[in-house]
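Below is one structure, written out as structure tokens; the observations come after it.
The values are calculated or read from the model by the stated rules, or taken from the named source; none is laboratory data. Note that the structure is predicted; figures quoted are calculated from it, not measured. Note: ideal-geometry Cβ built from the backbone for every residue, glycine included; neighbour counts use all protein chains shown. Keep in mind that these areas ignore ligands, DNA and RNA; they rest on the heavy atoms of the full protein, side chains included. Shrake-Rupley method; radii C 1.70, N 1.55, O 1.52, S 1.80 Å.
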Amino acid sequence: MTNVIENIFGKVFSEKNLKVFEKIILIAATLGFIIHLILILLNNNGYLDLSFFKDQLFVNPISAIYTPFSFILIYEAFLLIYFLPRSFTTAIAKQFEIMSLILIRKIFKDIPNVNLNDNWIENENNLQLIYDLSCLLYTSDAADEGLGVDL
């Protein structure tokens, strides 16, 4: 039974499949970014009504960066599984990278909601961005100090 699982793992997570998956993710991230920008353009010019979404994902072009980060996050999860049996240290570093990517992705989602006109500290959206940036700095610092690797 163990040999069957190892064979399946070896075939799914081979070097060849890693390169193919990397190309697929790169193409999907690029296309996702372009499609997201087109949806924002159509929504802002009145050709498409995406107002039923409660957040600003289809209003501000900066939000389009959220989409490629989602695809990169999938790729990093794949790499975590790929490196897990090969190197424990690299797998831990990948976990920090995934946490950082989640936070960066959330920051790009939160940026359009920031209100520069209100008192910075009293606005809930501004505070959320501050929390996310603080967590990102903490995660990066913890990864650098704890593992001795640059993320």
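Look at (1) touching a Lys or Arg at 6+ places or on another chain (Cβ under 6 Å); (2) over 19 Å from Leu31 (Cβ atoms); (3) of a type in the set (A, V, I, L, M, F, W, C) and you find that Phe69 fails only one, number (2). Within region 52-63, is even one residue of a type in the set (Gly, Ala, Ser), modelled with pLDDT under 85 and within 19 Å of the chain's Cα centre (by Cα)? Yes: one or more hits. For the residues Ile104, Ile72, the requirement of being within 27 Å of Lys23 (Cβ to Cβ) and modelled with pLDDT of 85 or more singles out Ile72.
Looking only at residues in region 33-45 that are surrounded by 14 or more Cβ atoms within 10 Å (Cβ to Cβ) and of a type in the set (A, V, I, L, M, F, W, C), which one is farthest from Phe108 (Cα to Cα)?
Leu42
Taking each residue of region 18-45 that is without any contact (Cβ under 8 Å) to a residue 24 or more places away in the chain and looking for partners that are among the aliphatic types (A, V, I, L, M) with beta-carbon atoms closer than 7 Å, six or more apart or interchain, yields Leu39/Leu48; Leu39/Leu50; Leu42/Leu48; Asn43/Leu50; Asn43/Val59; Asn44/Val59.
For region 69-114, which positions are assigned to a helix (DSSP H, G or I), open to solvent by less than 60 Å² (accessible area, probe 1.4 Å), farther than 20 Å from Leu129 by Cβ and not hydrophobic (A, V, I, L, M, F, W, C)? Tyr75, Glu76, Tyr82, Thr90, Lys94, Glu97 - these are the residues of region 69-114 that are assigned to a helix (DSSP H, G or I), open to solvent by less than 60 Å² (accessible area, probe 1.4 Å), farther than 20 Å from Leu129 by Cβ and not hydrophobic (A, V, I, L, M, F, W, C).
Scanning region 115-139 for residues that are open to solvent by less than 40 Å² (accessible area, probe 1.4 Å), in a helix (DSSP H, G or I) and closer than 21 Å to Asn60 by Cα yields a count of 3. When each of Ser87, Ser100 is tested for being of a type in the set (Ser, Thr, Tyr) and within 12 Å of the chain's Cα centre (by Cα), the lone residue that passes is Ser100.
Going through (1) in a helix (DSSP H, G or I); (2) open to solvent by 80 Å² or more (accessible area, probe 1.4 Å); (3) within 20 Å of Ser70 (Cβ to Cβ) one by one, Leu18 falls short only on (2).
Do we have Leu48 as in a helix (DSSP H, G or I), surrounded by 12 or more Cβ atoms within 10 Å (Cβ to Cβ) and either out of contact with any Leu (no Cβ under 9 Å at 6 or more places or on another chain) or not hydroxyl-bearing (Ser, Thr, Tyr) (or both) here? For Leu48, the condition - in a helix (DSSP H, G or I), surrounded by 12 or more Cβ atoms within 10 Å (Cβ to Cβ) and either out of contact with any Leu (no Cβ under 9 Å at 6 or more places or on another chain) or not hydroxyl-bearing (Ser, Thr, Tyr) (or both) - is not met. Residues that are surrounded by 11 or more Cβ atoms within 10 Å (Cβ to Cβ) and closer than 20 Å to Leu73 by Cα within region 3-15 comprise Val12, Phe13, Ser14, listed in sequence order.
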